[in-house]
Amino acid sequence: MKSAGAAHGFTLIELLTALLILSLLALMSYRGLGAVLDARSHVGQETEKWRRVAAFCARFAQDVDLAAPRPVRTASGSEPAWLGRPATTPGPRLEFSRFASGEGIDTPRRIAYALNGKQQIELWLWPALDTAPGALPARYPVLSGVTAFEIDYLDAALAWTNAWPTSPRDAAIPRAVRLRIVLASGEEIVRVFALDS
């Protein structure tokens, strides 16, 4: 028979068991939150990487869409309207004449794309189509984290080549351009752009 005034409470074993369960729940919650934060950071980095790739491809597509079949005069003579160099040749991979865009925010000019030693694709912009002696292009990095940058050109016989022009009979502009980029993270992007040649 129990006395009416006896106090009821938790034993030490019950308290320790409850604390152990609560600490295990807190540890699992902490690890789960850490995994969520890590995943969020990784998704953010991947999203930013692919946003930069998409912006570069959109810029490249706009530039090649405005390609002009006009050779340019330089201090050393003249250059063809479209000049594609293989990867083994020094200088930019692609150099061409470009019309002004319809928005009127730029002018017709000579532009080029090159891969520099910092794993960046650079956009080279000359002030105009014809270059004055000693005129150097302004260089802007447009995509970083690139280990390979290759461009192939589709000729009139529908064959791909890594240089343009391949002969004096070639058109001023190839029929299409195939762009291959390998990112430092291992992904490979291949895009084909049709041209009005």
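Every number here is computed from the coordinates shown, using simple stated rules; none is lab data. Predicted, not measured: the structure shown is a model, and the values here were computed from it.
Given axes a ≥ b ≥ c from the Cα gyration tensor, I'd like to know whether the chain is rounded (a/c under 1.5), prolate (a/b larger than b/c) or oblate. Prolate.
Using just the helices of the chain, give the 222 nm mean residue ellipticity in deg cm²/dmol: DSSP H runs with n ≥ 4 each add -39,500 (n - 2.57), and the total is spread over all residues, rounded to 500.
Values: 1 runs with 54 residues, N = 197.
After summing the helix terms and dividing by residue count, I get -10500 deg cm²/dmol.
Take the convex hull of the alpha carbons in region 63-160; its mean projected area over all directions comes to 7.3 nm². Region 7-59 and region 68-140 have Cα centres lying 50 Å from one another.
What is region 110-197 by shape, rounded, prolate or oblate, if you read a ≥ b ≥ c off the alpha carbon gyration tensor as root eigenvalues and call it rounded for a/c under 1.5, prolate for a/b larger than b/c, and oblate otherwise?
Cα axes put region 110-197 in the oblate bin.
In a fully extended conformation the segment linking Glu187 and Ala55 would gain 45.9 nm over its present Cα-Cα distance, using 0.36 nm per residue. The stretch between Thr88 and Leu27, if pulled fully straight at 0.36 nm per residue, gains 16.4 nm over its current Cα-Cα span.
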